[in-house]
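Asks: Below is a structure I'd like to ask you about.
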Amino acid sequence: MCGPSMGIAGLLVGLCGALSAGQPARDVLIVERPERLVVFSKYQQRLTAEEYRRLPPFVPMVVVREQDHLGDGFTPCEAVEIDREPYFILRNEGGGFSARGAPGKTEVFRNVPLLGDTVVLLRGDALRLRLPGGKEEILLQAGTRVVRLFEYESATYVRLPSAAGRFGWLSLPGSGRSAQWRELESASTAGISSGDILLRVQPVVDGANRSLRRIYAALSTEPGELRPLPSFRISLSRGEIRCFLEPTSLSGSFTGSMRGLIAGLERVLGGTGLHAEISEGAILIPLR
């Protein structure tokens, strides 16, 4: 297996601890184009086009069972977790991954320690961040926050805190606190502001609304009565963020969209200690 390769990245806004701190060492799978694999959800249903688009390049996938089968007891797959959510990657007859086109560079990092904490870069020399699969690198300046995901040899695989979330390799000198970086409190106890949470949630909801508009446009070309345009709205009150569908009369017809939205919200809430849940036809995020 090749050592960590390097490339670019961007930065800022939300945190996303894709892996839980304190877990034992595990195998981690990284694929350049995971959306080209044949992937099933925890319900063992093939991902929708929208769900595939939510799999960012080089997202780390914790291996649960390298050789597994779907519920039919026959279809071979690999069981993994992405952002602590179960997924199943279909295998072909040769034992490799089934794919819809070339998935690009694929690596498995064996028995690596999982981290999942957030650190801030301090004053001092700028650190160079490199993305897997390339040779470009950028300098991360003081004040930049990154989520440490796992360590491999002398490098740390990190995620930049942004809604889109880019991954890369970073050399963090020393362990624990150092002159160049320090660990932040866990997000669940540090008290992330409701404004910061809204900044993470809004792009996910906007993406869901774009999908609904495309569905509506396709339906409106069919003969018959013009259907009302559904749209997700966000409100903040009583210590919770509420995401609901308007008109509310359509909520029962868009449960699949709500489940897809839940998955996207859970992804951007990773590392905060917050979770999204469906309650009375709406999605709630209690701000504990």
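Any read-out appearing in this document is the output of simple, stated calculations on the displayed coordinates, not a laboratory observation. What you are looking at is a predicted structure, and each value in this text was computed from that prediction instead of being measured. Methodologically, a virtual Cβ is constructed for each residue, glycine included, from the backbone with ideal geometry; neighbour enumeration extends over all protein chains shown.
Asks: What whole-number distance in Å separates the alpha-carbon centres of the stretch 202-216 and the stretch 88-104?
Replies: Answer, in whole Å: 29.
Asks: Between residue 235 and residue 100, what is the label-to-label distance in nm when each label sits 7 Å out along the Cα-to-Cβ direction?
Replies: If labels sit at residue 235 and residue 100, their model points lie 3.7 nm apart.
Asks: Follow-up. With a Cα-only, solvent-free Debye model of the stretch 26-112, what are the log10 I(q)/I(0) values at q = 0.11, 0.14, 0.15, 0.17 Å⁻¹?
Replies: The calculated log intensity ratios at q = 0.11, 0.14, 0.15, 0.17 Å⁻¹ are -0.25, -0.42, -0.48, -0.63.
Asks: To make sure I understand, if each residue's beta carbon is the centre and we count other beta carbons within 10 Å, what order do 157, 52 fall in, fewest to most?
Replies: Arranged by neighbour count, lowest to highest, 157, 52 become 52, 157.
Asks: Please compute one quarter of the surface area of the Cα convex hull for the stretch 67-152 and express it in square nanometres.
Replies: 8.0 nm²
Asks: Starting with the fewest neighbours, write out 61, 258 ranked by other beta-carbon atoms found within 10 Å of each beta-carbon.
Replies: In increasing order of surrounding Cβ atoms, one gets 258, 61.
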